[in-house]
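Notes follow once the structure below has been shown.
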Amino acid sequence: MKAILVGVKYDQMYYDLDISMNELKELAYACGIEVKGEVIQNLSHITPQYYIGKGKVEEITKMLDDDCMVIFNEELTPLQIKNLTDEMQVEVSDRSDLILRIFESRAQTKEAKLQVQIARNQYLLPRLSGMKEELYSQQGGSGFRGSGEKQIELDRRIIHRQMIQAKRELATIVKQRQTQRKARKRNQQKVICLVGYTNSGKSSLLNYFTDKKVYQEDMLFATLQTASRQVKLKNRHQVIMSDTVGFINQLPHHLIQAFRSTLEEVKEADLLIHVVDASSPYCEKQIKTTMDVLEQLGVKDTPMIYVYNKIDKGYQPFLSFQEPCVLTSIKDHIHLDELENKIIEILFKEYEMMELIIPYDKGTLYQEIKQKYETIKEEYLEEGIYVTFYGHQKDKHKFQDYIYKPLN
């Protein structure tokens, strides 16, 4: 399949058109669509009928082959899709539809599939009247509804039922996630979430820290579902590290809403690692997009480390680095040791090495330590169990009577 990409530069735009069109090309590539050409029009405002001007519609129509489609850089209204399809006689799509296609093709888990189904149905509902036009336009006899009118109402009911069912199933999965998060909190497990623009290197970073690899690819939206892994840091500090779906400029609102349950993990995190493609000329805009989405999700006051990745490709000369930060190349393992130190410094600053001898009749206390902390050394002595671990200072009073005091 080939495509013509269409964008409009108009007054009071809230995004950079060059950046956006370049991303649209990458989205088409990620969807397996070859870009045949790009068309840009300068207008004072978007036209309600066609999005672009009528003359530009005719110009694009002359460029089309039988195997071509047309993809617009912004979300089109149902009327615009209908009018453009009637005029061009080819498939007309938009940025939101393209992102949804990628999500549909990549969704693997039950949760991701349900989320994509909800987002797709929310996208389809207002556009039903412009679809199956030959069926919907049929009219019945006097005093009766047309069969087309009946069909569109039937389709709406079917979509509503599918959405209700999908939301019910998703709610069950969300409940399971919440139970898991509560268990982690009870066990004082620290949770790190990797966030950032799509294709910045989040999955590569998770794979560096774990043997159980997640899918990574140099492509937009390679990751759609949250992948969580147990990670052991230096000094045996254990954390849960979660990779999340990447963000992108002009991410459709219904997609953010549909993936909200997955992104709830971000709200509950003890630390966010914001992975940034430092080699991108649009680096600072990508940081802002990520921060805007986090704000929409209600994430605030969570500690954050900025990881400026891909420095092996060079980075922008006037880039203003946010602190605390680490400049890395995840691919070449540059400065990842420094990142690990910063993680420990932030998450475990209230922890200290504890060295105890627990009497054998205090088995309950020993079990509590085993559940909460990763022990570094254990030894069974005559007077009790010798154990060392990094413990939280607020628990120190529980162990005061059992602190190991070596004989001089």
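The values are calculated or read from the model by the stated rules, or taken from the named source; none is laboratory data. What you see is a predicted model; the values in this text were computed from it and never measured. Glycine gets a Cβ as well: all are built from the backbone with ideal geometry, and neighbour counts include every protein chain shown.
Structural remarks
- All positions within region 382-403 that are modelled with pLDDT under 90, surrounded by 15 or more Cβ atoms within 10 Å (Cβ to Cβ) and assigned to a helix (DSSP H, G or I): ASP395
- Conditions (1) outside any loop (DSSP other than H, G, I, E, B); (2) within 22 Å of TYR123 (Cβ to Cβ); (3) of a type in the set (Ser, Thr, Tyr); number of the one not met by TYR14: (1)
- Conditions (1) at pLDDT 80 or above; (2) not assigned by TED's automatic domain parsing to the domain that holds VAL326; number of the one not met by PHE209: (2)
- Some residue of region 301-320 being touching a Gly at 6+ places or on another chain (Cβ under 6 Å) and over 20 Å from PHE247 (Cα atoms): no
Residue by residue, here is whether (1) touching a strand residue (DSSP E or B) at 6+ places or on another chain (Cβ under 7 Å); (2) surrounded by fewer than 19 Cβ atoms within 10 Å (Cβ to Cβ); (3) at pLDDT 85 or above holds:
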{"position": "THR172", "(1), (2), (3)": "no, yes, yes"}
{"position": "THR179", "(1), (2), (3)": "no, yes, no"}
{"position": "LYS182", "(1), (2), (3)": "no, yes, no"}
{"position": "GLN188", "(1), (2), (3)": "yes, yes, no"}
{"position": "ILE192", "(1), (2), (3)": "yes, no, yes"}
{"position": "ASP218", "(1), (2), (3)": "no, yes, no"}
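- In region 256-267, the count of residues that are at pLDDT 80 or above and not aromatic (Phe, Trp, Tyr) is one or more.
- In a residue-by-residue description of region 308-320, the property of being modelled with pLDDT of 90 or more and either assigned by TED's automatic domain parsing to the domain that holds GLU26 or touching a Cys at 6+ places or on another chain (Cβ under 9 Å) (or both) applies to at least one position.
- Residue list for region 64-87, restricted to those being surrounded by 19 or more Cβ atoms within 10 Å (Cβ to Cβ) and in a helix (DSSP H, G or I): GLN80, ILE81, ASN83, LEU84
- Number of the exception - ILE344 against (1) closer than 13 Å to TYR197 by Cβ; (2) in contact (Cβ under 8 Å) with a residue 60 or more places away in the chain; (3) of a type outside the set (Phe, Trp, Tyr); (4) in a helix (DSSP H, G or I): (1)
- Checked against (1) modelled with pLDDT of 90 or more; (2) out of contact with any Cys (no Cβ under 9 Å at 6 or more places or on another chain), VAL90 passes all but a single condition, namely (2).
- A residue that is more than 19 Å from PHE348 (Cβ to Cβ) and either free of Cβ contacts under 8 Å to residues at least 60 places away in the same chain or assigned by TED's automatic domain parsing to the domain that holds GLU355 (or both) cannot be found anywhere in region 387-396.
- Listed by first and then second residue, the pairs linking a residue in region 1-30 that is at pLDDT below 90 to a residue that is among the aromatic types (Phe, Trp, Tyr) and assigned to a loop (DSSP other than H, G, I, E, B), with Cβ atoms under 8 Å apart and 6 or more places separating them unless they lie on different chains, are ASP16/TYR282; ILE19/TYR282; ALA30/PHE221.
- The listed residues are GLU368, GLU379, and the only one of them that is loosely packed, with under 11 Cβ neighbours inside 10 Å and without any contact (Cβ under 8 Å) to a residue 40 or more places away in the chain turns out to be GLU379.
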